[in-house]
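Peer 1: Structure in structure tokens, see below.
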Amino acid sequence: GSLVRTFTPFSFLVEPVDVLSVRGASVVMNCSAHCETAPKIEWKKDGTFLNLVSDDRRQLLPDGSLLINSVVHSKHNKPDEGYYQCVATVDSLGTIVSRTAKLTVAGK
């Protein structure tokens, strides 16, 4: 009785790309992963998982993309600028991490 493991395709359909934004604009970091079992999508910023549950400006869209409403950017407060990664997890298979996309906020 040998156990045959079939390969389950699990990959990103869309990965985020570098974005240049301005203060107050809305930004979408695109991400979409494909698998037979719907993957759980999370986002990392600068290597740390974002807690989107208690975040009133950032939200996870149904396809897995990250929407940032009204980008905040001032001389001493740059919470949105940085490096973002989309992380997709399927319990039985594991986790895949997207390429890193940089969000840059332009000055006036």
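The values are calculated or read from the model by the stated rules, or taken from the named source; none is laboratory data. A quick note: this is a predicted structure, and the numbers were derived from the prediction, not measured. Every residue, glycine among them, receives a Cβ derived from its backbone with ideal geometry; neighbour counts consider all protein chains shown. Side chains included, ligands, DNA and RNA excluded: accessible areas come from the protein's heavy atoms. Shrake-Rupley method; radii C 1.70, N 1.55, O 1.52, S 1.80 Å.
Peer 1: Out of ASP63, ASP56, I need the residue that is in contact with a strand residue (DSSP E or B) (Cβ under 9 Å, 6 or more places away or on another chain), acidic (Asp, Glu) and over 17 Å from TYR83 (Cβ atoms). Which one?
Peer 2: ASP63
Peer 1: One residue is enough: does segment 30-52 have a residue meeting the conditions of a type in the set (Gly, Ala, Ser), part of a loop (DSSP other than H, G, I, E, B) and at pLDDT 95 or above?
Peer 2: Yes: one or more hits.
Peer 1: So, one more: Just the residues that are among the hydroxyl-bearing types (Ser, Thr, Tyr) and either loosely packed, with under 14 Cβ neighbours inside 10 Å or closer than 15 Å to PRO79 by Cβ (or both), please, taken from segment 49-69.
Peer 2: The one that is among the hydroxyl-bearing types (Ser, Thr, Tyr) and either loosely packed, with under 14 Cβ neighbours inside 10 Å or closer than 15 Å to PRO79 by Cβ (or both): SER54.
Peer 1: With respect to VAL72, is the statement that it is touching an Asp or Glu at 6+ places or on another chain (Cβ under 7 Å) and either part of a loop (DSSP other than H, G, I, E, B) or basic (Lys, Arg) (or both) true?
Peer 2: In short, yes.
Peer 1: While we're on this one: I want to confirm something. Restricting to segment 53-69 and keeping residues that are without any contact (Cβ under 8 Å) to a residue 24 or more places away in the chain and not in a loop (DSSP other than H, G, I, E, B), which single residue is nearest to ALA33 (Cα to Cα)?
Peer 2: In this case the residue turns out to be LEU60.
Peer 1: Taking segment 1-22 as the search range and keeping residues that are of a type outside the set (A, V, I, L, M, F, W, C) and at pLDDT 95 or above, which one is surrounded by the most Cβ atoms within 10 Å (Cβ to Cβ)?
Peer 2: PRO16
Peer 1: Which residue is farthest from LEU13 (Cα to Cα), if the candidates are limited to segment 80-93 and must be open to solvent by 40 Å² or more (accessible area, probe 1.4 Å) and assigned to a loop (DSSP other than H, G, I, E, B)?
Peer 2: GLU81
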